[in-house]
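Trainee: A single structure is presented below for examination.
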Amino acid sequence: MSVAAYGIYSDVSMAASLRNWPSYVAERTGIASGKTLTYRLRNGAVIKVRAGTSDTELLREILVSKCYNPPGFEIGREDTVIDIGAHIGSFSILASKLADRGIVHSFEPMPDNFTMLRENVAMNNAKNVRLHEFAVSDSIDVRTLSISPSHTGSHSFYPQIWSADKPLLEVIVKTTTMKAFVDSEGIDTIDFLKMDCEGAEYEILYNCPDEILNRVRKISMEHHQVDGNNANPHALKKYLESKGFSVCAKFYETDNYPMIYARR
């Protein structure tokens with residue numbers, strides 16, 4: 001399918017997923033730019049977005065492209081789900097409906113996004129979602145998060161993943177580790193680990209002890225190209241395979257959605 005054809009398919013499918021599809025048309029045509037919209041999905045979820053930003057683009061990727069849930073990566077009703085890089089909650093809310101007898105832990109360090117995440121969880125009465133205003137990293141600390149000037153879901157500890165000529169703003173955020181969090185929550189099994197953390201996936205997974213990584217059943221993650229030893233998707237694929245995962249990867253060179261899918 002050509003890029004143009006896929007764009008039409010994506011827009012039509014997105015509109016068909018919404019009860020209030022005229023709001024999507026208003027956003028796509030620029031009429032609603034600068035406003036806050038609430039999309040009402042046909043599955044009963046409601047998602048508030050900042051019109052004219054990348055909020056809706058990310059919702060469309062999750063809802064239409066199902067980039068985190070290809071065949072074999074479904075979420076079960078009693079699953080424990082961890083969402084690292086929850087943004088405004090699009091994935092977490094949909095996961096909470098699938099894991100209606102389970103629990104979803106949502107991590108989002110960016111204050112503006114976290115406010116939207118909290119509002120979206122409240123609007124959906126998603127009582128099985130636990131919110132954590134932290135970044136997950138390789139240490140328990142505070143760090144500088146660089147703010148993407150063009151994409152609400154691309155704030156990163158590694159701004160080199162963007163174009164070098166973009167101006168940067170920064171915010172200080174709290175960080176934790178997989179081990180510290182899992183131990184504090186007493187989690188025995190992580191059924192589904194979703195990651196979209198703009199380059200931090202390498203430090204998170206490479207520094208995750210085997211005792212914690214062995215509890216993970218499925219990983220669905222976007223990957224990024226970061227400077228540094230083994231901070232690339234090819235090395236990460238091999239690493240996860242060495243830890244007992246069966247891994248399928250889509251790389252930048254061949255796919256519009258650079259993803260790694262790993263499962264036991």
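The values are calculated or read from the model by the stated rules, or taken from the named source; none is laboratory data. For clarity, every value in this text was computed on a predicted model and none was experimentally measured. So basically every Cβ, Gly included, is an ideal-geometry build from the backbone, and we count neighbours across all protein chains shown.
Trainee: Arg40 is checked against (1) buried (at least 18 other Cβ atoms within 10 Å of the Cβ); (2) assigned to a strand (DSSP E or B) and fails just one. What number does that condition carry?
Mentor: For Arg40, the failing item is (1).
Trainee: Given the conditions (1) buried (at least 18 other Cβ atoms within 10 Å of the Cβ); (2) over 26 Å from Glu198 (Cα atoms); (3) among the basic types (Lys, Arg), and given that Arg50 satisfies all but one, which numbered condition is not satisfied?
Mentor: Arg50 satisfies every listed condition except (2).
Trainee: For the condition among the hydroxyl-bearing types (Ser, Thr, Tyr) and over 19 Å from Ile93 (Cα atoms), what is the one hit in Ser65, Ser10, Ser17, Ser54?
Mentor: Ser10
Trainee: Kindly indicate whether Tyr206 is within 16 Å of the chain's Cα centre (by Cα), more than 19 Å from Cys67 (Cβ to Cβ) and of a type in the set (Phe, Trp, Tyr).
Mentor: When the stated conditions are applied, Tyr206 does not pass them.
Trainee: In addition: Return the pair list, or none, for Cβ contacts closer than 7 Å from residues in the range 41-53 that are over 13 Å from Leu18 (Cα atoms) to residues that are of a type outside the set (S, T, N, Q) and part of a loop (DSSP other than H, G, I, E, B), at least 6 apart or on different chains.
Mentor: Val49/Ile88; Ala51/Ala32; Ala51/Gly34; Ala51/Lys35; Gly52/Gly34
Trainee: Is it the case, given these coordinates, that Ser106 is in a strand (DSSP E or B), closer than 23 Å to Asp191 by Cα and free of Cβ contacts under 8 Å to residues at least 60 places away in the same chain?
Mentor: When the stated conditions are applied, Ser106 passes them.
Each row is one residue, and each column tells you yes or no for (1) surrounded by fewer than 16 Cβ atoms within 10 Å (Cβ to Cβ); (2) at pLDDT below 90; (3) more than 16 Å from Glu201 (Cβ to Cβ).
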site	(1), (2), (3)
Phe134	no, no, no
Asp138	no, no, no
Asp141	yes, no, yes
Thr144	yes, no, yes
Ser150	yes, yes, yes
Pro159	no, yes, no
Ala164	yes, yes, yes
Pro167	yes, yes, yes
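Trainee: Looking only at the range 208-234, how many residues end up being modelled with pLDDT of 95 or more and surrounded by fewer than 15 Cβ atoms within 10 Å (Cβ to Cβ)?
Mentor: The number of residues fulfilling the criteria is 4.
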